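The structure appears below as C-alpha cells.
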C-alpha cells in the first residue's frame with residue numbers, strides 16, 4: 001500500500017545552518033506530495049506541495065523537488081531560524097481507491113538554537 | 001481563510017466513557033477526515049467522509065465511529081474509551097477535486113487523556 005518514510009529525528013541545528021529532511025514514498029502512480037509543519041501547540045499547516053514530477057514546491061525559504069526517479073521529496077532550507085523549530089511531516093495523496101487520503105511519514109522534530 | 005475548529009483542545013475522560021469529538025469547517029468542503037497523532041507514528045487515518053451521511057474506514061477504525069449529519073460537521077465517537085486511545089486527534093477538511101483543491105486543512109487538535 002501507500003507509504004511515506006521520513007528521516008528519523010530529532011534534528012538539532014544552530015541558527016543559519018542548512019537543513020535537509022529526507023522523505024521517500026512508494027511509487028504507485030504519480031501522487032501529489034506535501035510537506036506539512038506543526039508548530040508547538042497547534043494543528044498542521046501546509047508548508048508546500050508538488051503535484052507532478054520535477055515540480056518544485058517552495059514557501060518561507062523552504063523548498064522540495066518531486067523526484068520521480070528516486071521517489072523522493074526532500075525538504076531543504078538554506079538558513080534556518082529559531083522560529084522554524086517545529087515538527088515536519090511529509091505526506092502523499094492517494095489516487096484511485098485511495099482518492100483524497102493522505103498518508104503521512106512519522107514526522108521529524110526540528111529544534112533550532114540561537 | 002479556511003477555518004477548521006474542534007470542540008475541545010484538551011479532554012480528560014475515564015475508561016468506559018462514551019466520548020464525542022466535534023469538528024466544524026466553514027468552507028463548504030465535501031471531504032472531512034479524522035486522524036490520530038502519536039509520537040513516532042505520524043498521523044494515522046481513522047475515518048473519513050466524502051459527503052453528508054457517507055463514511056469510510058481509514059487505517060485504524062477499530063474502537064471508533066463517526067457521524068456526518070451536516071456537511072460542515074464531522075463527529076468522532078469513542079463508544080467506550082480505553083487508555084490506548086489517549087492521543088492527539090486532528091480533524092481535516094478538503095474540497096473535492098484535483099489540483100490545488102487537494103490540500104487538506106487541519107484543525108488545532110484535541111488532546112485526549114483516558115484514565
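Any read-out appearing in this document is the output of simple, stated calculations on the displayed coordinates, not a laboratory observation. What you see is a predicted model, and the numbers here were worked out from it, not measured in a lab. So basically every Cβ, Gly included, is an ideal-geometry build from the backbone, and we count neighbours across all protein chains shown.
In nanometres, what is the gap between the two model label sites at residue B:10 and residue B:82, each 7 Å from Cα along Cα-to-Cβ?
Here the answer is 2.7 nm between the modelled labels.
Which residue, A:32, A:14, A:72, tops the fluctuation ranking in a GNM of chain A built on C-alpha contacts under 10 Å?
A:14
So what is the diffusion coefficient of segment B:55-113 in µm² per second by Stokes-Einstein at 4 °C and 1.567 mPa s, using a Kirkwood Rh over Cα pairs?
Working: Rh = 13.3 Å.
Diffusion coefficient, whole number: 97 µm²/s.
If you project the alpha carbons of chain B onto the principal axes, what extent comes out on each, in Å, largest first?
42, 29, 24
Inside 10 Å of the C-beta atoms of A:29-42, what's the mean count of C-beta atoms belonging to other chains?
Values: counts 0, 0, 1, 5, 0, 3, 0, 5, 0, 6, 0, 0, 4, 4.
Shielding by partners across A:29-42 averages 2.
Once the Cβ-Cβ distance between residue B:70 and residue A:12 is put in as r, and R0 is 45 Å, what FRET efficiency do you end up with, to the nearest 0.05? Mind dumping the intermediate values first?
Values: r = 45 Å, r/R0 = 1.00.
So the FRET efficiency works out to roughly 0.50.
Taking the Cα atoms of chain A, report the difference between the largest and smallest coordinate on each principal axis, in whole Å and largest first.
The principal-axis extents, from largest down, are 45, 28, 22 Å.
Cα convex hull of the protein assembly as shown: mean projected area in nm², to one decimal? All intermediate terms of the calculation are to be shown ahead of the outcome.
Values: hull surface 48.4 nm².
Over every viewing direction, the Cα hull of the protein assembly as shown projects on average to 12.1 nm².
Given R₀ = 22 Å, what would the calculated FRET efficiency be for residue B:115 paired with residue B:60, taking r from the Cβ atoms and rounding to 0.05? Walk me through the numbers on the way to the answer.
On the way: r = 22 Å, r/R0 = 0.98.
With R0 = 22 Å, the Cβ-Cβ based efficiency is 0.55.
For segment A:48-102 and segment A:24-43, what is the separation of their Cα centres, given in Å?
Result: 6 Å between the Cα centres.
Given a Förster radius of 30 Å and the C-beta distance between residue B:27 and residue A:83 as r, what FRET efficiency does 1/(1 + (r/R0)^6) yield to the nearest 0.05?
Numbers: r = 27 Å, r/R0 = 0.91.
Computed FRET efficiency for residue B:27 and residue A:83: 0.65.
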